[in-house]
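Remarks on the structure that follows.
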Amino acid sequence: MREVAFIKRNKDKWLAFEQAISGKIKKNPDELAGLYIQLVNDLSFAQTYYPKSKTVVYLNHLAVTAFQQIYKTKKSDKNQLSAFFKTEVPQLVRQNKKYMVLAFTLFFIFVSLGVLSALYDDTFVRLILSDEYVDQTLENIRKGDPVAVYKSGSNWGSFIGITMNNLYVGLRCFVYGISGGLGTVYILLQNCIMLGSFQTFFAQQGVLWESVRGIWIHGSMEIFAIVIESMCGLILGASILFPGTYSRIESFKAGMKTSLKIWLSTMPFTIAAGFLEGFVTRYSNVMPTIVSVLIILVTLGFIAWYYLVYPFKSGQEHV
């Protein structure tokens, strides 16, 4: 079928659908969903036979707008904040799982680089962490308290300062995606090499376990959140580099909206990590080992469940 004939046959239906999602024509969510299915079929047909035409761009835009309208109309949860965390974010994570896989892959590669660099270069840790920090930590180890650096300052002062810094790091992971993802990768590289060399340094000093049971009380959520925030930056970068059938500006807008929502979802975890670092980590050397291990497992388990399990479990339930 020629494109002109295809448009002539379906234009009335598309215009009617456009009026429906704009609110000019009232339709219930089920009717709108039925029309949406027809629209998606038309879009699929157009992508197959007229892949570079303006018809594909128009139908793509209409499909995205329609999906958002249907989702908004059918949402039954009156608590918008609850719906955001229970439905919207998991759906976005599920749709962009390849970027999460990429973020975690880069994370493990970069941490490994930090570990190897610290193992084969005695000066590397000082280069990354600074002489002052290394000397202070060595002194703390000699005193029998390897993570004493986390006990400086007041509880509230530490909590606020640490949380603001972590939010800033997460924001950079997300926003630097505007560079096509390169800025995001660079920030992730910095933090992962620091993490890998940092833990290797403690292992070389024979206090790896003492550092783990202290640092990872807050680190489980803090580091995991940075990986998800890097995922956001990769989504944003991909929206610029690979617009697909959208115009580049439309693709960027969609990528920004998606990545922003996922980034916002990490904020409670980052704040919780800051709270733990300010109020709990400082007592890690006096609390029973079982308590610190339990905190680590619970915090890591919860954030991992929310981003790695729940989105795909909830997706199956809504098929």
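Where a number appears in this text, it was derived from the coordinates with a stated rule and is not lab data. Computed from a predicted model, the values in this text were never measured in an experiment. Cβ sites come from the backbone with ideal geometry, for glycine too, and all protein chains shown count toward neighbours.
What to note about this one:
- For the chain, built as a Gaussian network whose Cα springs stay under 10 Å, the top-fluctuating residue of 273, 63, 118: 63
- Per-peptide packing, taken as the mean over residues of other Cβ atoms within 10 Å, places 84-90, 192-198 in the sequence 192-198, 84-90 from highest down.
- Residues considered: 257, 52, 97. Largest GNM mean-square fluctuation over the chain, using C-alpha springs under 10 Å, is found at 52.
- For the pair residue 2 and residue 38, a Förster radius of 22 Å applied to the C-beta separation gives a FRET efficiency near 0.60, rounded to the nearest 0.05.
- Label point 7 Å beyond Cα of residue 109 along Cβ direction - residues of region 237-265 with amide nitrogen under 18 Å: 237-238
- Estimated distance in nm for a label pair at residue 11 and residue 79, the labels positioned 7 Å out from Cα along Cα-to-Cβ: 4.9 nm
- Scattering profile of the chain at q = 0.07, 0.08, 0.14 Å⁻¹ [log10 I(q)/I(0), Debye over alpha-carbon scatterers]: -0.39, -0.48, -1.10
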